[in-house]
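Remarks on the structure that follows.
Derivation of every value follows stated rules applied to the coordinates shown; laboratory data play no part. This one's a predicted model, so the numbers in the text were calculated from it and none came from an experiment. A quick note on method: Cβ atoms are made from the backbone with ideal geometry, for glycine too, and the neighbour counts reach across all protein chains shown.
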Ligand code: F0G
């Protein structure tokens, strides 16, 4: 298993205290001298590292850039991302029977998903590198966010989407923000293979979560959860339950915790248990965790109503699996019907989410039923995207409109039963 502990002196290649390290072989690279996505020695995933890791008192301001002391730059192309609400959800808390339950609603970001956090940092790095085209493969949300941040940065954006498998709201966003949209005859994993090749050929700068700087932005989800939880309850959560696709957030949250350990703010024993949830039809991470494996085997055929996490090859698994194991977490698969039920439960508490987001709540309920999550636990469920991202799924899960004549009695007749 990879050793992901942080600390130690900056290598000679560091730029202003920042460098990239391979999570497999430990090789270090200069961060902004050229464009790299993987280790040039062994092909392993790269991670941003710093000479210093900040304590909470170093943070000031609002949103993602509140955490600039933990990021490679002090500011970036911003649409005021982050600072999302941590909601109480009394209905689900009762249903789940845990001591405390909150929902961190990333759907409240500018483009309606957590991807904005990664893009504000990733696009800043792209500016540093001087690239002239940004690109991603996407199940939808990444493309919406990249399109918006690329537009704001005045840099052309290319997005590759699996044809017919992306929710309507997300395609509409990418289109209106001016991205060049290619619908690929293949699934998300095929799209990522193609866009990674385009990036390797120097045709575009890749802003999928394979890009280590995207995850730097996304680790601010963890910092916000910890600060908001402490403000609301006086405690950090025991567990964070989140949907898993490429496992970028799982990796980013684990990095957030490791940095706090390196800063002396957190004991390893205090790291919230990272609990990943996948749809049954796209659950390669769950398969790996159930086997206690260090690697994930790619699923070629994936299917789920939660199209955002219709992914068979979670590229960040080498960073995320140690996160799940080291924090005492787990992973669980849930059915599409359980996801839709959870979407309805969240809606009853006033929180509108897309199906993939509801997987976190479905996973919590499943693990409570199995007795794998205790009744005394303080839990945060991460809801990653807004209801309006997938209007078709929302309409199918909700009540149906009735046709009525244009008079009051007709309306009263129609709503009587
Ligand atoms: N939830 C939503 C709403 C997502 O859009 C995604 C990923 C995930 C969860 C999974 O997060 O990859 O960090 O494990 N969406 C990507 C996209 C793949 O293209 O929008 P992860």
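Sort 195-206, 392-403 for me by packing, meaning the mean count of neighbouring Cβ atoms within 10 Å per residue, highest on top.
195-206, 392-403
Give me the compactness ratio for the chain, meaning the Cα radius of gyration over 2.2 N^0.38 Å.
0.96
Just subtract the alpha-carbon distance of residue 38 and residue 406 from 0.36 nm times their residue separation and send over the number in nm, one decimal.
So the chain would gain 126.2 nm between residue 38 and residue 406.
State whether segment 115-210 is rounded, prolate or oblate according to the following rule on the C-alpha gyration tensor (a ≥ b ≥ c being the square roots of its eigenvalues): a/c under 1.5 gives rounded; otherwise a/b larger than b/c gives prolate, and the remaining case gives oblate.
Oblate, because a/c is 1.5 or more while a/b does not exceed b/c.
Express the relative contact order of segment 1-51 as a whole percentage, based on alpha carbon pairs under 8 Å and six or more residues apart in sequence.
Relative CO of segment 1-51 lands at 38 percent.
Say R0 is 35 Å: what FRET efficiency, to the nearest 0.05, do residue 94 and residue 287 get from their beta-carbon distance?
0.65
For residue 185 and residue 152, compute 0.36 nm times the residue count separating them, minus their Cα-Cα distance, and round to one decimal in nm.
Gain on stretching residue 185 to residue 152: 8.9 nm.
What distance in nm lies between label points placed 7 Å from Cα along the C-beta direction at residue 74 and residue 163?
With each label point 7 Å from Cα toward Cβ, the separation is 4.9 nm.
Please work out how much length the chain gains when fully extended from residue 175 to residue 27, using 0.36 nm per residue of separation minus the C-alpha to C-alpha distance, in nm with one decimal.
49.3 nm
Tell me the label-point distance for the pair residue 227, residue 13, using the 7 Å Cα-to-Cβ offset, in nm and rounded to one decimal.
3.2
Please report the relative contact order for the chain, taking Cα pairs under 8 Å with a sequence separation of at least 6, and give it as a percent rounded to a whole number.
17
Using the C-alpha gyration tensor of segment 1-51, what are the square roots of 5 times its eigenvalues, in whole angstrom, with the largest one first?
Working from the Cα gyration tensor, I get semi-axes of 16, 14, 7 Å.
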